[in-house]
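*Asks:* What follows is a single structure, and I will ask about it in a moment.
The values are calculated or read from the model by the stated rules, or taken from the named source; none is laboratory data. For clarity, every value in this text was computed on a predicted model and none was experimentally measured. When we count neighbours, we look across all protein chains shown, and the Cβ atoms used for this are built from the backbone with ideal geometry, even at glycine. Note: areas computed on protein heavy atoms with side chains; ligands, DNA, RNA excluded. Shrake-Rupley method; radii C 1.70, N 1.55, O 1.52, S 1.80 Å.
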Amino acid sequence: MNATNNGLSEYFKIVREFIKCHAGEGDAVSARQAVDAITPAAEHGDAKAQMLLGKYYSWGYHNGCDNRKAIYWFEKAADNGNTEAAMLIMEIYRNNCPDGIDAERRKALILEWHRRWFDLLATKADKGSVDAAKSLMNLYVEDCPEDVNPNDGLASARKWYDLWIELLTAKAAKGGLVDKMNLADILLYAEDVPENLLDYFSDEDDEQSLSQAIRLYKDITLSDCDDFFKAEAFFKMGCAYSDLGEGKKALSCFKKAAGLNCHEAFARIGDIYRYGNGVGQDDTMARKWYGKGADVGEIMATLKLAECYRDGIGGKQDFEKSMLEYQHIAERIKSRGFRQQAPAIGTALYELGNMYLNGLGVEVDLRKAYDYFKWAASHDNRAAENALNNKKFRDFQR
């Protein structure tokens, strides 16, 4: 096979498909021919060809891997600025070092390519790559070079976090609503930020992040977007105000979200009234808003309405209605999204077990109590796991 510029893409495809197969599978002859065809392009600096050859010799070589050849091609790709190539060389030295390299030399090579990988990422990040800045933030926490002190690693991670946010802020400033929402979510929920790095943030850092998130969500609510997107922004802005301890502003946002059919907002409004966060504590209003949420099937609102009926919060105690609401939640196990709702379902099942155990609105029925506790435990409800140890259930555990 002789490759022309127009024909390279077909050879690339052949090699890629072969690499996807495990060694010994796929058309090894055609792959070998395609490799021979793209080798001149790789020698002349084609970065795609260099990466494919490296992967072919390390992953898809029909007689087993040839890591010396893989390193040769990955090194050429790294010289062309390919960050993945540097990382893959490091991984080869870590996990499948070529013969003839002693332990001390191997350690030095791992560190050399670890640094090279980070340097290439830093170059990209400094040129405006959001992904490179994000990668460095995570890597300095999760895969820090061996010669870097962990505390220094966290400091570096924070530096790259700041650049990541700066780059995302610049992108959001161009007016894209999706970009604004994505950035605001990162600032509110610390999405994709390593947990260990969060301990490195001060209270002032957290307040600044929440304030910036609120500004972004507010921009979205003032924009010409559909009601669903606007409702989401109002809801999340309410969450940010809640985290800042500004209950009155949070309540206003949640009510606007609820008015735009954001069902999650009903439970949050109920919570504000129930616990008096920024407004006067009012159990009656809490029960009312939980009821509004339950009417549209919102699971947390339904769970809290059941609690209000059970404990007489905001109105008359009614075990029958409480059980009915818990049963509505338990039935969610038959729905598509039950896995995401598993904690609430587990709680409802546990409470149903309690009602049968203690005769709350029903006759005491140990068999039903045991079954509900066991069912709740299967949804990782720890209280139910403990309840199953009750001596009353010994006969059912044999």
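*Asks:* Can you compute the modelled spin-label distance between ARG16 and ASP227, with each label point 7 Å from Cα toward Cβ, in nm?
*Replies:* Placing both labels 7 Å beyond Cα along the Cβ direction yields 4.4 nm.
*Asks:* What chymotrypsin sites (Phe, Trp or Tyr not before Pro) does region 297-388 have in DSSP loop regions with at most 13 other beta carbons within 10 Å?
*Replies:* Details: sites: TYR309, PHE319, TYR326, PHE338, TYR350, TYR356, TYR370, TYR372, PHE373, TRP375; in loops: none.
Nothing satisfies the criteria.
*Asks:* Between VAL296 and TYR189, what is 0.36 nm times their sequence separation minus the Cα-Cα distance? Round to one decimal in nm.
*Replies:* Values: separation 107, 0.36 × 107 = 38.52 nm, distance 2.61 nm.
The span from VAL296 to TYR189 would gain 35.9 nm if fully extended.
*Asks:* With contacts defined as alpha carbon pairs under 8 Å and 6 or more residues apart, what's the relative contact order of the chain in percent?
*Replies:* Working: 540 pairs, mean separation 21.8, N = 398.
5 percent.
*Asks:* Got a number for the accessible area of ARG367? Probe 1.4 Å, square angstrom, nearest 10.
*Replies:* ARG367 exposes around 100 Å² with every protein chain in place.
*Asks:* Moving to a separate point now. Between region 66-82 and region 239-291, what is the separation of their alpha carbon centroids in Å?
*Replies:* 57 Å
*Asks:* Could you state the number of Å between the C-alpha centres of region 183-237 and region 344-363?
*Replies:* Using only Cα atoms, the two centres lie 38 Å from each other.
*Asks:* Same structure, new question: Percent of accessible area on region 42-159 owned by carbon and sulfur, 1.4 Å probe?
*Replies:* 44 percent
*Asks:* Here is a further query. Mind listing which GluC sites (Glu not before Pro) in region 11-107 are in a DSSP loop and have 16 or fewer other Cβ atoms within 10 Å?
*Replies:* GLU25
*Asks:* Between ASP143 and ASP199, 0.36 nm times their residue separation minus their Cα-Cα distance comes to what? The partial results should precede the final answer.
*Replies:* Working: separation 56, 0.36 × 56 = 20.16 nm, distance 1.77 nm.
Residue separation times 0.36 nm, minus the Cα-Cα distance, leaves 18.4 nm.
*Asks:* Give the Rg/Rh ratio for the chain, taking Rg as the radius of gyration of the Cα atoms and Rh as the Kirkwood radius, to two decimals. Could the numbers behind the result be given before it?
*Replies:* On the way: Rg = 29.2 Å, Rh = 26.1 Å.
Across the chain, the Cα-based Rg/Rh ratio is 1.12.
*Asks:* Looking at region 166-234, which GluC sites (Glu not before Pro) are DSSP coil and have at most 16 other C-beta atoms within 10 Å of their C-beta?
*Replies:* GLU191
*Asks:* Using a 7 Å offset from the Cα along the Cα-to-Cβ direction at both LYS368 and GLU112, what is the distance between the two label points in nm, to one decimal?
*Replies:* Calculated label separation equals 7.4 nm.
*Asks:* Provide the FRET efficiency to the nearest 0.05 for the ASP206-ALA342 pair, computing r from the beta carbons and using R0 = 25 Å.
*Replies:* 0.30
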